[in-house]
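Participant: Below is one structure. I have some questions about it.
The values are calculated or read from the model by the stated rules, or taken from the named source; none is laboratory data. Since the structure is predicted, the reported quantities are computational estimates derived from the model, not experimental observations. Backbone-built Cβ (ideal geometry, glycine too); neighbour counts: all protein chains shown. The area values use the complete protein model at the heavy-atom level, side chains included, leaving out ligands, DNA and RNA. Shrake-Rupley method; radii C 1.70, N 1.55, O 1.52, S 1.80 Å.
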Amino acid sequence: MTKAESKYFNTAIRIDKAFIELLNKKAFDYITVKEICAASGVNRSTFYLHYETIGDLLIETTEYVGQQFLSRFTDQRVTFEYIKSAPKEDLIFITEDFLIPFLTFIKENKILYQTVLKRFDAISFGKNMYDGIYCAINAVMDRFDIQKDKRSYIIRFYLEGINAITKEWLDQECNKNIDEVVQIIKECVRAG
């Protein structure tokens, strides 16, 4: 990465962080570019070099925050080496080990994700996270010999289901504790 690229990305991170701070103080619809610029220490032209609208900033900030989640998630059971050799009974990702870090992260960033849901009706961690989840689930389906033409449906069902429960939890202001939400997800996926 060149010095100019590094400066560009560091500026974007400053803008993301300032935007998150503002979201924690006031509703998205009342945040202005002027406030974001003041809070991040950039001028308007720099803001518009990075984003066309505050909505674009919301999407990019969600991706930035999602990357932070991935960097914190170090469980070795999601590595492809593990997936290729683990006993099949250990390849079920609907467990506390995977759901608790995810739900804890969502709760820590509740206001950001509530804002995203109001605008897009889906939680998105961006293409990199989706691609990573897709590859991991696909590798697990290899182990279970699931037909390739069915996989996109299964992955979509899995991701949309988790998203729907998480959305309901956020809509309810995270009123249930994380353990209760984990149990709800487990019951939906593995009935009985």
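Participant: Within the chain, what whole-number % of the accessible surface is contributed by carbon and sulfur, with the 1.4 Å probe and all protein chains included in the calculation? Working shown, then result.
Facilitator: Values: 6300 of 11540 Å².
So the carbon and sulfur contribution to the accessible surface is 55 percent.
Participant: Taking the Cα centre as origin and putting +1 on Lys and Arg beta-carbons and -1 on Asp and Glu beta-carbons, what dipole magnitude results for the chain, to the nearest 20 debye? Before the final figure, lay out each step's value.
Facilitator: Details: 26 positive and 28 negative charges, 86 e Å.
The calculated dipole for the chain is roughly 420 debye.
Participant: Let me ask something else about it. Provide the FRET efficiency to the nearest 0.05 for the MET1-THR53 pair, computing r from the beta carbons and using R0 = 30 Å.
Facilitator: Values: r = 27 Å, r/R0 = 0.88.
It comes out at approximately 0.70.
Participant: Tell me what the chain gives for mean residue ellipticity at 222 nm when only DSSP H runs of n ≥ 4 count, each as -39,500 (n - 2.57), the sum divided by the residue total, rounded to 500 deg cm²/dmol. If you can, show how the numbers build up before the last one.
Facilitator: Working: 10 runs with 139 residues, N = 192.
That comes out to -23500 deg cm²/dmol.
Participant: State in Å² the accessible area per residue of the chain; use a 1.4 Å probe, count heavy atoms of protein chains only, and round to the nearest integer.
Facilitator: Working: 11540 Å² over 192 residues.
Accessible area per residue, the chain: 60 Å².
Participant: Return the lysines within reach of LYS3: Cα separation strictly under 29 angstrom, same-chain partners fewer than 8 residues apart disregarded; answer none if there are no such residues.
Facilitator: Hits, sequence-local ones excluded: LYS17, LYS34, LYS127.
Participant: Checking the a/c ratio against 1.5 first, then a/b against b/c, what shape does the Cα gyration tensor give for the chain?
Facilitator: Working: a/c = 2.45, a/b = 1.67, b/c = 1.47.
Prolate is the answer for the chain, as a/c is 1.5 or above and a/b outweighs b/c.
Participant: Further question: Please enumerate, by chain and number, the aspartates and glutamates with C-alpha under 13 Å from the C-alpha of LYS26, excluding those fewer than 8 residues away in the same chain.
Facilitator: Leaving aside aspartates and glutamates fewer than 8 places away in the same chain, those within reach of LYS26 are GLU35.
Participant: Output the relative contact order of the chain, whole-number percent, from Cα pairs under 8 angstrom with separation of 6+ residues. Each step should come with its number before you reach the end.
Facilitator: Numbers: 116 pairs, mean separation 43.3, N = 192.
Dividing the mean separation by the residue count of the chain yields 23 percent.
Participant: Sequence neighbours fewer than 8 away in the same chain don't count; with that in mind, list the aspartates and glutamates whose C-alpha is under 19 Å from LYS88.
Facilitator: Correct list for LYS88: ASP75, GLU96, ASP97, ASP142, ASP145.
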